[in-house]
Amino acid sequence: MSDRKPPVIVVSEPLNESSLEYLRAHGEVRLATAQTAGRAMADADALVVRTYTRVDRELLSGAGRLKVVGRAGVAIDNIDVAACRARGVEVVHTPEANTLAVVDYTVRMIIEMNRRFWPMTGFMPAEEFHKARGQIYGRFLSGLTLGIVGCGRIGSRVARAASGLGMRVLYNDILDIRLDFPAEAVDKPTLYASSDIVTIHVPLTKLTRGMIDSSALAQFKCGGQFINAARGQCVNYADLGAALRGGRISAAVIDCHDPEPPPPDYPLFGLGNVILTPHVAARVPDAVQRMCDVVFDVVAVLEGRKPRFAAPAEPDETDGTDGQI
């Protein structure tokens, strides 16, 4: 009988119960929080995080036994991958987990901004009914131009859906991506100036941090619309708020904020031409389950097996530049 101790697995943010049970079957699970994870690392062999745990040099300095960090989600901007790899720590994530959920969200919001409906919630007298029916609002999506910055797993599927709706599709990506449906690769200034709607699907990197600022917004088509369901830090929200108040941007949908949660003086609060959601684009049960499936790769590394989804050394090296929760 082996007296080898089971690996210690620290979980610093919520996972579903089935994923926790899988980890418990393969090690000793210790629950922590994003704020206390560092204090739990002394004898940890694995760490499982989500969005808010910072895996940086300071945390790693107290983690002498650590072998693997698992990110239950897609984006890895809260993990210093280079510092992990320099210490022999593998980083794994779930890049395909929430693709369809964010695609659904983005397409829905394109429609919401341009074809809003006000549902009947109960009986309406005839006069009120006909008055409501007489309202004319919106425009056909067919014929509008959609600009997509970041055309990887999510962006390319949004592009396909938009093309199917009769929209003209422009896209920009750091990689040479070829699509098998009508879409045109252009530079960012051309995309901004030509698009009725711009949506971004990029990770947070040194290239994308603050990329949508006053300079970029000044290049947008006057009256254009904007969607961010990628990363909050990619947008300067003071600049976006000014563009929305001034009419340069006619409407926006924002799911990812900076900071989170937004403070009371958030520049987008109180605007009638903005739809704000609390970082929920990927919060579909199947997507959340798939994010928690990172536990399979965490255990694989602990057992000396090759993981299915090792994180890229740099976010820019992804297969397309999608970045979500």
Item to complete: Taking amide H positions as placed in the peptide plane 1.01 Å from N, state which residues far from Glu184 in sequence (5 or more) or on other chains have amide H under 5 Å from it.
Response: Val169, Leu170, Tyr171
Worksheet item: Which of the following values of mean projected area of the Cα convex hull in nm² was calculated from the structure shown: [x] 20.0; [y] 18.4; [z] 15.7?
Response: [x]
Worksheet item: Karplus couplings for the stretch 195-204 from phi (6.51 cos²θ - 1.76 cosθ + 1.60, θ = phi - 60°), rounded to Hz, Gly and Pro as x?
Response: 9, 6, 9, 10, 10, 10, 9, 10, x, 8
Fill in: Spin-label pair Ser214/Arg39, simplified geometry with 7 Å Cα→Cβ offset, distance in nm
4.3
Worksheet entry | Where Cα atoms sit under 28 Å apart: lysine pairs in the chain separated by 8 or more or lying on different chains | 7
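How do Tyr137, Tyr105 line up, fewest other C-beta atoms within 10 Å first?
Tyr137, Tyr105
Can you give the helix-only mean residue ellipticity at 222 nm for the chain, where every DSSP H stretch with n ≥ 4 adds -39500 (n - 2.57) and the sum goes over all residues, rounded to the nearest 500 deg cm²/dmol?
The helix-only estimate for the chain comes to -8000 deg cm²/dmol at 222 nm.
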Worksheet entry | Relative contact order of the chain, defined on C-alpha pairs under 8 angstrom at six or more residues apart (%) | 20
Practice prompt. In a Gaussian network model over the chain where Cα atoms closer than 10 Å are linked, find which of Asn114, Asn172, Asn236 has the largest mean-square fluctuation.
Written response: Asn114
Worksheet item: Just in the stretch 59-100: which trypsin sites (Lys or Arg not before Pro) are loop by DSSP and have at most 15 other Cβ atoms within 10 Å?
Response: Arg65, Arg87
Worksheet item: Between Leu179 and Val284, what length comes free when the chain is fully extended (0.36 nm per residue of separation minus the Cα-Cα distance, one decimal in nm)?
Response: 35.1 nm
Worksheet item: According to the Kirkwood expression over distinct Cα-Cα pairs, how big is the hydrodynamic radius of the stretch 67-184, in Å?
Response: 17.8
Worksheet item: Once the piece of chain linking Thr277 and Arg133 is laid out straight, how much longer is it, given 0.36 nm per residue of separation minus the C-alpha distance between them?
Response: 49.1 nm
Practice prompt. For the chain, set up a Gaussian network in which alpha carbons nearer than 10 Å are linked by springs, and say which option among Val294, Val69, Val89 fluctuates the most.
Written response: Val89
Discussion item. With θ taken as phi - 60° and the coefficients 6.51, -1.76 and 1.60, list the Karplus ³J(HN,Hα) couplings across the stretch 37-47 in order, rounded to whole Hz; mark glycine and proline as x.
Written reply: 4, x, 6, 9, 8, 4, 10, 7, 9, 8, 9
Response to the item:
Of the stretch 278-305, those with amide N under 13 Å from the point 7 Å along the Cα→Cβ vector of Glu260 are 278-284
Item to complete: Filter the trypsin sites (Lys or Arg not before Pro) in the stretch 126-160 to those in DSSP coil with at most 13 other Cβ atoms within 10 Å of their Cβ, and list the result.
Response: Arg139
Worksheet entry | Low-density loop cleavage sites - trypsin sites (Lys or Arg not before Pro) in the stretch 1-47, where at most 14 other Cβ are within 10 Å (DSSP) | Arg4
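Report relative contact order for the stretch 99-276 in percent, whole number only (criteria: Cα-Cα under 8 Å, sequence separation at least 6).
17
FYI, it's all coordinate maths here, none of it is from the lab. These numbers come from a predicted model, not from an experiment. No Cβ is skipped: glycine too gets one built from the backbone with ideal geometry, and neighbour counts run over all protein chains shown.
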